[in-house]
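Take a look at the structure set out below.
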Amino acid sequence: MVSPYIKLLFGLVIFLLGLGYIYRPDIVERWNRVLKETLLNDSYVALHRKSWGILLLLLGAILIYMGATRLF
């Protein structure tokens, strides 16, 4: 089960993003541009794919372990 706090956090982030699109679209577009140039850059992803892959595998394994121990 997903914690209600996580649902609340994601709901708040999405709500604030919606307000940003309505009232200050320039800020949202600036963040989008920065993310595209840094994290989502193809050359960056190609150079660091193994380290990101290992990090995601470890994080996934930890989450699976935590979920499985909570169920059993």
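The values are calculated or read from the model by the stated rules, or taken from the named source; none is laboratory data. Quick caveat: nothing in here was measured; it's all calculated off a predicted structure. When the accessible area is computed, the model is the full protein with side chains, heavy atoms only, and any ligands, DNA or RNA have been set aside. Shrake-Rupley method; radii C 1.70, N 1.55, O 1.52, S 1.80 Å.
Applying a length cut-off of 24 Å (Cα extent along the axis) and a mean Kyte-Doolittle floor of -0.5 to the DSSP H helices of the chain leaves 4-23, 49-71.
What's the carbon and sulfur percent of the chain's accessible surface, probe 1.4 angstrom, rounded to a whole number? Carbon and sulfur: 73 percent of the exposed surface of the chain.
Here the chain was treated as a single set of alpha-carbon atoms; its pair distances binned every 5 Å from 0 give 3, 13, 11, 14, 16, 18, 16, 7, 2, 0 percent. Solvent-accessible area per residue in the chain equals 99 Å², computed with a 1.4 angstrom probe and all protein chains kept.
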